[in-house]
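See below for the structure under consideration.
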Amino acid sequence: MQLTSFVTLTIAIATAKAATVSFYTARNCNSASWVQQNVGCNTCVDPPGDWWAASVSGISGDQRVSMHNQNSCTSASSVGQWYGNICAAAGNTALRSVWVACSGQRA
């Protein structure tokens with residue numbers, strides 16, 4: 001039984017999509033950027049500095065993305081949530097971190 005569980009878990013991890021998360025210096029997804037590739041699910045991407053837009057690509061439509069105006073992706077700092085690939089610009093405060101959830105996890 002343990003071997004079956006291990007094999008199932010290994011297959012699930014191997015087939016999970018890896019995201020690309022990009023942070024931008026202007027309020028669009030065409031400006032200079034900082035890019036993190038091969039981001040796993042349930043991961044907070046927290047680059048140094050302030051950013052004015054962020055995008056997440058390479059994920060499925062049932063993966064939740066949340067953007068935050070503070071470091072470390074805390075729930076109190078969430079400024080927006082979406083499902084699937086997204087490009088979003090900051091509002092009054094800069095973006096500091098992005099959370100990419102695993103498939104099927106709802107807020």
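Report yes if Asn38 is surrounded by fewer than 19 Cβ atoms within 10 Å (Cβ to Cβ), under 17 Å from Arg96 (Cβ atoms) and of a type outside the set (Val, Ile, Thr), otherwise no. No. Scanning segment 45-58 for residues that are more than 13 Å from Phe23 (Cα to Cα) and either part of a strand (DSSP E or B) or touching a Cys at 6+ places or on another chain (Cβ under 8 Å) (or both) yields no hits at all. Residues in segment 72-79: is at least one part of a loop (DSSP other than H, G, I, E, B) and modelled with pLDDT of 95 or more? There is at least one residue in segment 72-79 that is part of a loop (DSSP other than H, G, I, E, B) and modelled with pLDDT of 95 or more. Within segment 66-85, if we keep just the residues that are more than 15 Å from Arg106 (Cα to Cα) and exposed (fewer than 15 other Cβ atoms within 10 Å of the Cβ), the residue that is farthest from the chain's Cα centre (by Cα) turns out to be Ala76. Look at segment 80-107: where a residue is assigned to a loop (DSSP other than H, G, I, E, B) and a partner is modelled with pLDDT of 95 or more and acidic (Asp, Glu), sitting 6+ places away or on another chain with Cβ atoms under 6 Å, you get Ala94/Asp50; Gly104/Asp62.
The values are calculated or read from the model by the stated rules, or taken from the named source; none is laboratory data. Given the structure is predicted, the values throughout are model-derived calculations rather than measurements. Reconstructed Cβ throughout: ideal geometry from the backbone, glycine too, with neighbour counts over all protein chains shown.
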